[in-house]
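Have a look at the structure below, then the notes.
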Amino acid sequence: MKALPEGPEQKRIALGVQYDGSSWSGYQKQPDRNTVQDRLEMALAEFARVALPTTCAGRTDAGVHALEQVIHFDTSLSRPINAWVRGVNAFLPDSIVVRWAKELAPDPEHEFHARFSAHSRTYHYVLYNNANRSALLAGRAGWVFRPIDVALMREAAQCLVGTHDFSAFRSSQCQAKSPVKQLRDLRIERRGDVIIFTITAAAFLHHMVRNLVGSLVYVGIGRQPVAWMREVLESGDRDMAAPTFMPDGLYLAKVGYDPKWGLPQEDSSPLGWF
C-alpha cells in the first residue's frame, strides 16, 4: 500500500500587536464582535483567505491598551515573514497594528506558546496629575486632580513586592485558581504632570493592577496613611482597598519570554511620549 502524501507542514507564527483599547470591548472575542481579537482574526482571514484562530499572552479589559500584546497561530501557508505584518495591517483599523512577526522553529522540548511560554508580564499605568483634565490624554491616561505625593506612594508600595495573597486587590469575577502571586517589581516615576506605574509579575489577578494603583493613589493624595497599604494587603478583604481605578491609563507593556525564541520585541517604555 502506498503511503499517503504528507500535508503541508504546519508553522507557528507569533505576532507583536499594539492597540488603543478605547473603542474596543476588551481583547477576548465576544458575541458583539467588537473586540481586538475579533478584529484581528477578521484581518488575518481576509489576508490569508482562511480562518486562523489565535492565542494571546494575556487578555485585556475594555478600554485597556497594549504597547505589545503577543499572539500566535498555526498555519500551513507559506508567506514572507514581513507579509504577515504589512498584509494583515492593510485590513486593520488605525487603532490596531501588527508591529512584528516571527516564525517559530519547532522545539522538541517545548513548543512556543504565547501564553504558557511567557515568564512575566509588565504593565504600565499612565496617570495625569493636574488640576484640569487633558483633552489630548482622554482615554489614554487616568486623571487625578488632587496633588499626589509620589514619595509616599513609593514607600507604601514596598510591602507589595514579593509573594503575597492579593485577594484584597482581586475582582469578584476573577477566575484565577489562586490569589497568591509574586509581584517582582513595582516602580513609580514622575515626569512633569505624568506619573507612570510599572508593575511586573509572572501573572496577575483580574483588575489587580488597577486596584493596586487606586489604593496607591489613596495614599498619594493623603486619604490614607502609608501603613494602610500593608493592612489592606494582609486583610485579604477587597472592601478595604480603594475602588477599581479607571482603565484609560492601563497598558500591557511587555510579555517576557526566553531569549531562545528570538522574538523581535520592542522597547516598552512610554516615558518618551511626554
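One table, with the values for the structure above:
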{"read-out": "Residue check for residue 190: surrounded by 13 or more Cβ atoms within 10 Å (Cβ to Cβ), at pLDDT 95 or above and in a helix (DSSP H, G or I)", "value": "no"}
{"read-out": "Matching residues, region 193-247, being among the polar types (S, T, N, Q), more than 25 Å from the chain's Cα centre (by Cα) and either at pLDDT below 95 or part of a loop (DSSP other than H, G, I, E, B) (or both)", "value": "224"}
{"read-out": "Residue 260 in a helix (DSSP H, G or I) and at pLDDT below 95", "value": "yes"}
{"read-out": "Filter pass, residue 102 being touching a residue at least 60 places away in the same chain (Cβ under 8 Å), assigned to a strand (DSSP E or B) and among the basic types (Lys, Arg)", "value": "yes"}
{"read-out": "Check on residue 46, out of contact with any helix residue (DSSP H, G or I) (no Cβ under 7 Å at 6 or more places or on another chain), touching a residue at least 40 places away in the same chain (Cβ under 8 Å) and not in a loop (DSSP other than H, G, I, E, B)", "value": "yes"}
{"read-out": "Residue check, residue 172 of a type in the set (Ser, Thr, Tyr) and either surrounded by 13 or more Cβ atoms within 10 Å (Cβ to Cβ) or assigned to a helix (DSSP H, G or I) (or both)", "value": "no"}
{"read-out": "For residue 73: the one exception among (1) free of Cβ contacts under 8 Å to residues at least 24 places away in the same chain; (2) crowded, with 19+ Cβ neighbours inside 10 Å; (3) over 23 Å from residue 247 (Cα atoms)", "value": "(1)"}
{"read-out": "Some residue of region 103-124 being open to solvent by 40 Å² or more (accessible area, probe 1.4 Å) and of a type in the set (S, T, N, Q)", "value": "no"}
{"read-out": "First in region 156-182 and at positive phi, second anywhere and surrounded by 16 or more Cβ atoms within 10 Å (Cβ to Cβ), Cβ under 7 Å, 6 or more apart", "value": "162/183"}
{"read-out": "Residue pairs meeting the criteria (Cβ under 6 Å; at least 6 apart or on separate chains; first on the phi > 0 side of the Ramachandran plot, in region 233-253; second open to solvent by 10 Å² or more (accessible area, probe 1.4 Å))", "value": "236/165; 236/167"}
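The values are calculated or read from the model by the stated rules, or taken from the named source; none is laboratory data. As the structure is a prediction and not an experimental result, all values here were calculated from the model. Here Cβ is always computed from backbone atoms with ideal geometry, including for glycine, and neighbour counts include all displayed protein chains. Just so you know, the surface numbers come from the protein's heavy atoms only, side chains and all, with ligands and any DNA or RNA stripped out. Shrake-Rupley method; radii C 1.70, N 1.55, O 1.52, S 1.80 Å.
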